[in-house]
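What follows draws every value from the coordinates through simple rules; no lab data is involved. Worth saying up front: this structure is predicted, and the values here are computed from it rather than measured. Quick reminder, even Gly has a Cβ in these numbers, built from the backbone with ideal geometry, and neighbours come from all protein chains shown.
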Amino acid sequence: MEPARPLDALNKARDKRIIVELKNNKQYIGKLKSFDIHINVVIEDVEERVNGEVTRKLNTIFIRGDTITVISTE
Amino acid sequence: MEPARPLDALNKARDKRIIVELKNNKQYIGKLKSFDIHINVVIEDVEERVNGEVTRKLNTIFIRGDTITVISTE
Amino acid sequence: MEPARPLDALNKARDKRIIVELKNNKQYIGKLKSFDIHINVVIEDVEERVNGEVTRKLNTIFIRGDTITVISTE
Amino acid sequence: MEPARPLDALNKARDKRIIVELKNNKQYIGKLKSFDIHINVVIEDVEERVNGEVTRKLNTIFIRGDTITVISTE
Amino acid sequence: MEPARPLDALNKARDKRIIVELKNNKQYIGKLKSFDIHINVVIEDVEERVNGEVTRKLNTIFIRGDTITVISTE
Amino acid sequence: MEPARPLDALNKARDKRIIVELKNNKQYIGKLKSFDIHINVVIEDVEERVNGEVTRKLNTIFIRGDTITVISTE
Amino acid sequence: MEPARPLDALNKARDKRIIVELKNNKQYIGKLKSFDIHINVVIEDVEERVNGEVTRKLNTIFIRGDTITVISTE
């Protein structure tokens, strides 16, 4: 049996709500629609949060992978 | 059926108005004309905004992918 | 006999608790589930710590490799 | 018909005056002579501007792509 | 005879104590167990030092290559 | 006829005096001896300038490409 | 005759004393023993200098290429 890979964890999170944290300290919380090997990520029904405050609501957002630090499930 | 990929979301946004946010905190709002795998992006009928204020109007702008943090639809 | 490689050390740490330190000075302590050659890492039962204080508890977290400085075992 | 690509927009700007903006907030305004896939750019009859003030005039300048944020037409 | 290469110097330091210095100004002093072409490094019996002060003792640490500035022998 | 490429402009500057500007705001002015596709550059009879003041004179200097912002002819 | 390349200049400096300058403003002065295409460099009989002051003496040091700005001969 092959050992698990990090992208498997993202694959299991498809259509679930995730928290994406950026190098600029913004957080985007939404439903994971897609990702690729660069960790580019698309999420839907999004809340942008800065220091815990909701700053914007967005339908769909594309997040460039190299700006991401961590991704967690809600 | 193949799972969705992040670039599909950009493809659906062609000719629609998008908001491109940069690492230097500038925003460019305009109509998406083209993009590539590096997430280099060309938009038209552009407003540049800094801290929510419109700072410039531009016909066409080329945005280098590695300077982008997130892209959303208006 | 081939000389040891750095990823061997991560392989031995699978299912053990590790401390992952980020360029933004956050620490994530949890059980190592998977990693890849980019040093993307997934850990479970996670504590986030900033300046030694626990700031969040998370079930599962994906950490992007290029944001990591060092990984140690507890 | 193939969809447009971002470099097509640069190609159309050949021999036209463009504004190149850098991560260090300098602007270089000049006539686009050449570019490549790294977005390395050569422009001629150049004005360097910092905060809107002309700081230098240059015949020809080579700008390294990874230092560029956006390129627009005048 | 082929000229020497930088990785030869790391190879000679295997099982010897080395000082690894990071972009964040932390130093890790320990016995070199393994390295790869990315200069990812694993050391054992480690002291972490900040401004010359010992801040932690660690059994084994994995250091991501792109965070390293210089490596010297003790 | 093939369109011009940015490296053509550097090629024409061989053995001419150029000004190389770095991300750390230092300038190196000297005669261009060689360059490669990474824009690594070697210049001779060099003046280092910081804020317009000459800070050092050097015979030959190797400048790593990824630290360069722009190159112009004197 | 092929045009000169930047690495030729480093090759000529083998076994000569060079000054390596880093993005963090440290200088390492020592005898060049080896380098590679990433500009990883090993020097011997090394002085570390910060703001012109000698801060350490080292036998051998490995310097990661991506942390280097310029290399000059003494």
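Using Cα-Cα distances under 8 Å and only pairs 6 or more residues apart, what relative contact order does chain A have, in percent?
Values: 146 pairs, mean separation 22.6, N = 74.
In percent, rounded to a whole number, it is 31.
Roughly what % antiparallel, to the nearest 5, for the DSSP beta bridges in the protein assembly as shown?
Values: 210 of 210 bridges.
Within the protein assembly as shown, antiparallel bridges account for around 100 percent of the total.
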Separation between the residue B:45 and residue C:54 pseudo-spin-labels, each 7 Å from Cα along Cα→Cβ, expressed in nm? 5.4
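Determine the calculated [θ] at 222 nm for chain A from helices alone, applying -39500 (n - 2.57) to every DSSP H run no shorter than 4 residues and normalising by the residue count; nearest 500 deg cm²/dmol.
-2500 deg cm²/dmol
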Can you divide the C-alpha Rg of segment G:16-73 by 2.2 N^0.38 Å and report the result to two decimal places? 0.99
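In chain E, how many lysine pairs have Cα atoms under 19 Å apart, counting only pairs 8 or more places apart or on different chains?
Numbers: E:12/E:31; E:12/E:33; E:16/E:31; E:16/E:33; E:16/E:57; E:26/E:57; E:31/E:57; E:33/E:57.
Value for chain E: 8.
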Which of these, E:32, E:58, E:22, has the largest mean-square fluctuation under a Gaussian network model of chain E (Cα springs below 10 Å)? E:58
Exposure proxy order (Cβ contacts within 10 Å, fewest to most) of F:55, B:60: F:55, B:60
Got a sec? How would G:29, A:68 order by Cβ neighbour count within 10 Å, fewest to most? G:29, A:68
Three semi-axes of the equivalent ellipsoid, the protein assembly as shown, Cα gyration tensor, whole Å, largest first: 36, 36, 19
1/(1 + (r/R0)^6) with r = Cβ-Cβ of residue A:37 and residue F:16, R0 = 56 Å, i.e. FRET efficiency to nearest 0.05, evaluates to 0.80
Return the chain A residue and its Cβ-to-axis distance, rounded to the nearest Å, for the rotation relating A to G. A:66, 8
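Can you pull out the trypsin sites (Lys or Arg not before Pro) in segment G:4-49 that DSSP calls coil and that have at most 15 other Cβ atoms within 10 Å? Display every interim value, and only then the final one.
Details: sites: G:12, G:14, G:16, G:17, G:23, G:26, G:31, G:33, G:49; in loops: G:14, G:16, G:23.
In loop regions of segment G:4-49 (DSSP not H, G, I, E or B), the sparsely surrounded trypsin sites (Lys or Arg not before Pro) are G:14, G:16.
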Could you let me know the centre-to-centre spacing of segment G:15-52 and segment A:42-68, using Cα atoms, in angstrom? 44
